[in-house]
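The values are calculated or read from the model by the stated rules, or taken from the named source; none is laboratory data. Being a predicted model, the structure only gives us computed values, none of them experimental. Counting neighbours? That spans all protein chains shown, and the Cβs are built from the backbone with ideal geometry, glycine included.
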Amino acid sequence: MHWLEEVKQALWDGQVEEVISACKAFASSHELARKAVHYFYTNADRMRYDRFRAAGYMIGSGTVESGCKQIVSHRLKLPGAQWTVEGAVTTAKARAAWLSGQWQSLCDQRAALPLAI
């Protein structure tokens, strides 16, 4: 358990190379460790959590999951709803604009476009 806590702390601190080294110690005898080494190596640039936090970025998935719920589930997954891909994408964009407070700005931009003749 101590090993896991150390590896989690290293990942939190953006020390992906330490995480890879820790996993490599088990890679010769455990398939999951081999997969972990490959995953961390391939995604190292996306796991610089220390840098992301310092820049003020949220690193958890909660915001994205909530956005999906607000945009997709509450509108597109209504009982009996059927969508084309184009209709679903357009509706999701409109809902995102509404929920983010950008709806009026988009309406103003659209109103400024010239009429088709």
Checking Ile59 against (1) under 19 Å from the mean Cα position of the chain (by Cα); (2) in a helix (DSSP H, G or I); (3) over 20 Å from Trp3 (Cα atoms), which test does it fail?
(2)
Checking Ile71 against (1) more than 30 Å from Gln109 (Cβ to Cβ); (2) among the β-branched types (Val, Ile, Thr); (3) surrounded by 13 or more Cβ atoms within 10 Å (Cβ to Cβ), the condition it does not meet:
(1)
Only listed residue being more than 30 Å from Ala10 (Cβ to Cβ) and either modelled with pLDDT under 85 or outside the structural domain of Val19 (by TED's automatic domain parsing) (or both), chosen from Gly60, Gly67, Gly101:
Gly101
Evaluate the following for Ala116: is it out of contact with any Pro (no Cβ under 8 Å at 6 or more places or on another chain), among the aliphatic types (A, V, I, L, M) and in a helix (DSSP H, G or I)?
no
Meets criteria (in a helix (DSSP H, G or I), charged (D, E, K, R) and in the same structural domain as Leu106 (by TED's automatic domain parsing)) for Glu18
no
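Have a look at Lys77, Lys35 and point out the one that is over 15 Å from the mean Cα position of the chain (by Cα), surrounded by 10 or more Cβ atoms within 10 Å (Cβ to Cβ) and assigned by TED's automatic domain parsing to the domain that holds Glu17.
After applying the criteria, what remains is Lys35.
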